[in-house]
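To start, the structure under review is shown below, and the notes come after it.
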Amino acid sequence: MNRKLLDLWVGFFVAIGFAAVLFLALRVGNVSSANFAETYRLTAKFDNIGGLKVRGPVKSAGVVVGRVAEISFDAQTYEAVVTMTIDGRYHFPRDTFASILTAGLLGEQYIGLDAGGDEKMLNPGDVVAKTQSAVVLEKLISQFMFSKASETADSK
């Protein structure tokens with residue numbers, strides 16, 4: 001095999017390796033799942049968003065129907081304001097319930113939308129009125145430890 005052909009094959013495999021690394025980096029960063037379909041925005045206010053991040057999934061019935069677009073803080077109500085972009089194919093009733101859930105025990109946090117039964121649908125820019133904040137694992141553990149400590153103190 002001559003030198004030019006060998007260099008060509010090495011270059012070919014280096015290009016394939018670079019493309020594979022780029023593909024994996026985009027998958028890990030949730031960038032390759034970008035959907036260029038028409039979307040609309042919904043907003044929800046939460047007391048605590050836990051570890052929710054921008055570009056986090058918005059799911060309904062386990063299906064990704066959108067992404068978290070923006071997270072901000074409302075200084076008037078002291079709540080976190082989460083703006084979501086929802087795929088235009090999916091529409092939800094006005095009494096939809098938004099919860100911050102965790103994928104698995106220590107997985108990423110996402111917004112779960114539970115559709116209600118209202119006849120009227122949410123319009124672009126509407127606010128999801130019914131929300132449930134994230135369950136913070138550290139808070140649960142401290143409450144459990146405090147209750148166990150008080151049970152031990154009461155039994156003496």
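The values are calculated or read from the model by the stated rules, or taken from the named source; none is laboratory data. On a predicted model such as this, the values are computed, not experimentally measured, just so you know. Cβ sites come from the backbone with ideal geometry, for glycine too, and all protein chains shown count toward neighbours. Surface accessibility is based on the protein's heavy atoms, side chains included, excluding ligands, DNA and RNA. Shrake-Rupley method; radii C 1.70, N 1.55, O 1.52, S 1.80 Å.
Suppose we filter the range 111-120 for residues that are of a type in the set (D, E, K, R) and either under 9 Å from the mean Cα position of the chain (by Cα) or surrounded by 12 or more Cβ atoms within 10 Å (Cβ to Cβ) (or both); how many remain? Break it down stepwise before answering.
Residues of the range 111-120 that are of a type in the set (D, E, K, R), as a first pass: 114, 118-120.
Then drop every residue that is not either under 9 Å from the mean Cα position of the chain (by Cα) or surrounded by 12 or more Cβ atoms within 10 Å (Cβ to Cβ) (or both), which leaves 114, 118.
Going through the range 111-120 one residue at a time, the tally reaches 2.
Any residue at all in the range 133-149 that's without any contact (Cβ under 8 Å) to a residue 40 or more places away in the chain, part of a strand (DSSP E or B) and among the small types (Gly, Ala, Ser)? Reasoning before the result, please.
Filtering the range 133-149 for residues without any contact (Cβ under 8 Å) to a residue 40 or more places away in the chain gives 137-149.
Among the residues that remain, those that are also part of a strand (DSSP E or B) are: none.
Taking every residue of the range 133-149 in turn, none turns out to be without any contact (Cβ under 8 Å) to a residue 40 or more places away in the chain, part of a strand (DSSP E or B) and among the small types (Gly, Ala, Ser).
How many of the residues making up the range 121-146 are farther than 16 Å from Gly50 by Cα and open to solvent by less than 40 Å² (accessible area, probe 1.4 Å)?
Summing the residues that are farther than 16 Å from Gly50 by Cα and open to solvent by less than 40 Å² (accessible area, probe 1.4 Å) in the range 121-146 gives 3.
Filter the range 86-105 for residues that are assigned to a strand (DSSP E or B) and open to solvent by less than 30 Å² (accessible area, probe 1.4 Å) and give the result.
Residues of the range 86-105 assigned to a strand (DSSP E or B): 86-87, 93, 97-102.
Within the range 86-105, Ile86, Asp87, Pro93, Ala98, Ser99, Ile100 qualify.
Would you mind finding the one in Glu108, Glu79 that is without any contact (Cβ under 8 Å) to a residue 60 or more places away in the chain and buried (at least 16 other Cβ atoms within 10 Å of the Cβ)?
None of the other options fit; the residue is Glu79.
So, in the range 108-132, exactly how many residues are assigned to a loop (DSSP other than H, G, I, E, B) and under 27 Å from Asp74 (Cα atoms)? Talk me through it step by step, then tell me what you get.
Let us first name the residues in the range 108-132 that are assigned to a loop (DSSP other than H, G, I, E, B), namely 108, 115-120, 122-126, 129.
Still in the running and under 27 Å from Asp74 (Cα atoms): 108, 115-116, 122-126, 129.
Total meeting the criteria: 9.
Might you check whether a residue that is open to solvent by less than 40 Å² (accessible area, probe 1.4 Å) and within 26 Å of Thr131 (Cβ to Cβ) occurs anywhere in the range 16-27?
Initial filter on the range 16-27 (open to solvent by less than 40 Å² (accessible area, probe 1.4 Å)): 17.
Filter again for within 26 Å of Thr131 (Cβ to Cβ), leaving none.
Within the range 16-27, not a single residue is open to solvent by less than 40 Å² (accessible area, probe 1.4 Å) and within 26 Å of Thr131 (Cβ to Cβ).
Considering each of Ile16, Ile49 in turn, give the residue that is in contact (Cβ under 8 Å) with a residue 60 or more places away in the chain and not in a strand (DSSP E or B). Talk me through it step by step, then tell me what you get.
Values: Ile16 fails: in contact (Cβ under 8 Å) with a residue 60 or more places away in the chain.
Matching residue, one of Ile16, Ile49: Ile49.
Search the range 25-42 for residues being outside any loop (DSSP other than H, G, I, E, B) and over 20 Å from Asn123 (Cα atoms), and hand back the single one that is modelled with the highest pLDDT.
As a first pass, look at the range 25-42 and keep what is outside any loop (DSSP other than H, G, I, E, B): 25-28, 39-42.
Among the residues that remain, those that are also over 20 Å from Asn123 (Cα atoms) are: 25-28.
On the way: Ala25: 82, Leu26: 76, Arg27: 73, Val28: 72.
Restricting to residues being outside any loop (DSSP other than H, G, I, E, B) and over 20 Å from Asn123 (Cα atoms), the top hit is Ala25.
Would you be able to say whether some residue in the range 134-153 is over 26 Å from Val28 (Cβ atoms) and touching a Leu at 6+ places or on another chain (Cβ under 7 Å)?
For the range 134-153, residues over 26 Å from Val28 (Cβ atoms) and touching a Leu at 6+ places or on another chain (Cβ under 7 Å): absent.
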